[in-house]
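See below for the structure under consideration.
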Amino acid sequence: MDLLRIYYRIFIISSLIIFFSSLNSCYKPDQTIAIIRVLDNNTNDPIENISVRLFFDNSNGANIPLYDVVKNTLNNGTARFDFSDGYKDGQGGFAVLDIEVDGVFMGVINIVEMTTTEKIIYIQ
């Protein structure tokens, strides 16, 4: 009877260990996305097929930008940038990038890790 009780306890303990270790292995970080929406200043209509550039120039003298991506807006006026590969687990914050629309500086966007960050740009 004591042997059966020992096997029962070993089974319960090993089952709990396997259960809790499998919970840890299923962790997947959420995507880090930036969406820029370009709208007409007068009509609030989305502007299609306009160039949007997100970039960060390293200020320590190197001419190589850390981030420099360009996309054109879709018919709903949005350009979607996926920075999930650039995010490292445990990193605090992600990036503040400059925004250019058709070569004109339009401000900055603070991209928050593991979320979707949206910014609306109005142009004439």
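The values are calculated or read from the model by the stated rules, or taken from the named source; none is laboratory data. For clarity, every value in this text was computed on a predicted model and none was experimentally measured. As a convention, Cβ positions derive from the backbone with ideal geometry for all residues, glycine included, and neighbour counts pool all protein chains shown.
Can you tell me which residue among D2, D45 is modelled with pLDDT of 85 or more and more than 30 Å from M114 (Cβ to Cβ)?
Only one candidate passes the filter, namely D45.
How do the pairs read when you match residues in segment 34-49 that are touching a residue at least 24 places away in the same chain (Cβ under 8 Å) and over 18 Å from F81 (Cα atoms) with residues anywhere that are crowded, with 18+ Cβ neighbours inside 10 Å and among the charged types (D, E, K, R), using Cβ under 9 Å and keeping only pairs 6 or more apart or on different chains?
Partner pairs satisfying both residue conditions: none exist.
Residues to consider are I10, I36; find the one that is of a type outside the set (D, E) and at pLDDT below 85.
Values: I36 fails: at pLDDT below 85.
Just a single option satisfies the conditions, and that option is I10.
Residues are listed down the side, and each one gets a yes or a no for (1) surrounded by 17 or more Cβ atoms within 10 Å (Cβ to Cβ); (2) at pLDDT 75 or above:
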| position | (1), (2) |
| --- | --- |
| T32 | yes, yes |
| N41 | no, yes |
| N58 | no, no |
| P65 | no, no |
| D68 | no, yes |
| L74 | no, yes |
| R80 | no, yes |
| D85 | no, yes |
| K88 | no, no |
